[in-house]
Amino acid sequence: MVSTHPAGVQHFGSQYLPASSTSNTSLSPNQELLPLTAKRNSHDCLEIGGCDVTTLVKQFGSPLYILDEETLTIACRQYRDSFKRYYNGESQVLYASKAWSCMSVCALAASVGLGIDVVSGGELYTALSAGVSPDKIYFHGNNKSRQELIFAIESRCTIVVDNWHELHTLVELALEAIEQGTSSASVATPSSPVRIMLRLTPGIECHTHEYIRTGHLDSKFGFDPNQLDDLFTFVSQQSVIECVGLHAHIGSQIFERQPHQDLAAVMVQWMSKAAGYGLSIKELNVGGGLGIKYIESDDPPSIEEWVKPICEVIQEACAAANLPLPKLLSEPGRSLIGTACVTAYTIGSSKVVPEIRTYVAVDGGMSDNPRPITYQSVYRAVVANRLSAPLTETVTIAGKHCESGDIVIKDAQVPKTEPGDILVVMATGAYNYSMASNYNRLPRPAAVIVANGEANLILQRETYQDLIRQDRLPERLKNDEG
Ligand code: LLP
């Protein structure tokens with residue numbers, strides 16, 4: 001917290017800028033608070049991707065998600081290149097699109113060679129619409145509907161099977177298609193077996209928020225590893241599915257490296273066990289989970305520091321078990337896109353509660369960033385139109401929703417603010433837009449992607465018409481008399 005800074009030391013919003021002496025490509029985005037292209041321009045304003053943030057707000061409105069293309073592509077390349085450097089076999093990084101699913105982000109990740117992890121028919125549709133090749137799409141989820149499974153089979157993506165119900169449904173759908181032929185079946189006949197992976201629960205504990213831990217045994221995701229015998233026996237007997245790999249994900253916003261190394265070792269043991277059932281496991285997916293810096297004291301490992309030991313453990317364990325190296329997959333979300341985006345708000349009203357606190361309200365809140373109210377997540381902010389002003393005030397940044405808990409940042413250190421100032425909350429790329437809602441019927445903000453001084457809209461701001469688009473008014477409720 002800034003308030004713990006030694007007394008008498010002056011702090012400025014510009015302290016959050018990435019070190020300008022270092023070349024952008026050598027910084028690991030997840031270890032920064034602001035996007036790598038962030039600068040202070042001659043007007044003392046925050047500039048991202050060569051665009052003045054205050055000008056962007058004038059042009060595209062407020063609140064505004066501002067996504068820095070360079071930060072996102074550098075993170076993608078660092079994952080891709082680290083696996084190439086440290087892993088002797090084939091590798092594939094997938095972008096976990098749950099962090100922010102929209103066509104432009106999927107297309108950008110794919111342009112750098114990444115595949116896409118999707119968890120619903122909607123995310124699958126988005127990735128396909130963005131032109132992502134289905135052979136690089138992996139479909140997760142603990143309760144995929146029949147329609148979603150049919151969509152997945154027809155699109156020819158790889159299905160990451162989570163449980164027995166899904167496995168049986170999938171076999172049934174694939175058999176039905178083959179027996180009945182394309183014309184009458186509910187699913188088009190697959191020309192080859194349906195490619196699947198199996199998601200297993202590794203029973204690995206890690207230190208993160210309870211809601212974003214998934215790898216411990218008491219989790220709703222994945223097959224219980226005690227059932228491996230039955231699972232491998234069943235899967236090895238099915239001709240309509242081909243089990244190409246195993247998957248596990250232990251949680252999110254993790255700073256420790258040991259849990260993923262333990263996971264890598266456990267996964268090679270599973271692979272070795274599968275071989276005993278005649279299943280040749282060609283791919284291992286170690287999931288995502290690398291954390292990012294939200295506040296000064298957060299100290300996650302770099303992307304490279306996360307990738308390297310995982311590769312080493314898999315290589316050593318495969319050599320020891322005399323197994324060929326599998327294709328190694330990982331699926332980060334937050335550490336790819338989290339730092340690449342900021343949210344710009346406009347400051348409005350304020351309220352001084354004597355002796356207690358000062359509230360400063362912005363024009364968004366829990367509808368565009370539900371993480372503080374959901375996980376008590378902590379963020380940092382700067383006033384973008386006065387970047388080098390000393391941080392003299394401690395205020396609580398409130399959202400505009402009818403909910404007392406709608407607080408964006410408690411006890412933020414800011415310069416003296418005025419209505420109309422542009423407040424930029426940092427590191428909002430992951431799980432902000434994707435978890436955004438229309439609570440209180442607020443239209444969701446627009447998003448722009450910035451690069452080399454140019455800004456392009458990637459998500460249009462919702463309008464009041466958008467808000468009532470799905471509303472239907474039964475005849476008897478239409479009240480023309482008033
Ligand atoms: N793979 C699977 C199967 C996952 O469940 C997740 C995240 C990821 C990959 C990507 O994890 P990441 O690299 O982003 O940590 N809404 C929460 C985060 C939920 C994470 C869910 N699964 C938040 O705002 O913190």
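Out of the residues in region 278-291 meeting the condition of being touching a Pro at 6+ places or on another chain (Cβ under 8 Å) and more than 8 Å from the ligand (Cβ to nearest atom), tell me which one is most open to solvent (accessible area, probe 1.4 Å).
K282
Can you tell me which residues in region 223-258 are in contact with an Asp or Glu (Cβ under 9 Å, 6 or more places away or on another chain), of a type in the set (A, V, I, L, M), part of a strand (DSSP E or B) and within 16 Å of the ligand (Cβ to nearest atom)?
L246
For a quick check of your reading: which strands (runs of 3 or more DSSP E) sit entirely within region 414-473 and have at least 1 residues that are more than 16 Å from the ligand (Cβ to nearest atom) and loosely packed, with under 13 Cβ neighbours inside 10 Å?
Hits in region 414-473: 454-459.
Take the residues in region 344-372 that are open to solvent by 60 Å² or more (accessible area, probe 1.4 Å) and not charged (D, E, K, R); name whichever of them is nearest to the ligand (Cβ to nearest atom).
The qualifying residue nearest to the ligand (Cβ to nearest atom) is Y359.
Just to be sure before I move on: is A275 open to solvent by 40 Å² or more (accessible area, probe 1.4 Å) and hydrophobic (A, V, I, L, M, F, W, C) in the structure I sent?
For A275, the condition - open to solvent by 40 Å² or more (accessible area, probe 1.4 Å) and hydrophobic (A, V, I, L, M, F, W, C) - is met.
Under the condition of being in contact with a helix residue (DSSP H, G or I) (Cβ under 6 Å, 6 or more places away or on another chain) and under 15 Å from T73 (Cα atoms), which residue from region 86-98 is surrounded by the most Cβ atoms within 10 Å (Cβ to Cβ)?
Y95
Please determine whether any residue of region 393-410 is within 16 Å of the ligand (Cβ to nearest atom) and under 25 Å from N41 (Cα atoms).
Taking every residue of region 393-410 in turn, none turns out to be within 16 Å of the ligand (Cβ to nearest atom) and under 25 Å from N41 (Cα atoms).
Give the residue that is farthest from L200 (Cα to Cα), with candidates limited to residues of region 121-142 that are open to solvent by less than 30 Å² (accessible area, probe 1.4 Å), assigned to a loop (DSSP other than H, G, I, E, B) and more than 10 Å from the ligand (Cβ to nearest atom).
Of everything passing the filter in region 121-142, A130 is farthest from L200 (Cα to Cα).
Look through S302, S297 and report the one residue that is within 16 Å of the ligand (Cβ to nearest atom) and of a type in the set (S, T, Y).
On the way: S297 fails: within 16 Å of the ligand (Cβ to nearest atom).
Selected residue: S302, the only one of S302, S297 that is within 16 Å of the ligand (Cβ to nearest atom) and of a type in the set (S, T, Y).
The values are calculated or read from the model by the stated rules, or taken from the named source; none is laboratory data. Values in this document were obtained by computation on a predicted structure and should not be read as measured data. Note: ideal-geometry Cβ built from the backbone for every residue, glycine included; neighbour counts use all protein chains shown. Heavy atoms of the whole protein, side chains included, go into the accessibility calculation; ligands, DNA and RNA do not. Shrake-Rupley method; radii C 1.70, N 1.55, O 1.52, S 1.80 Å.
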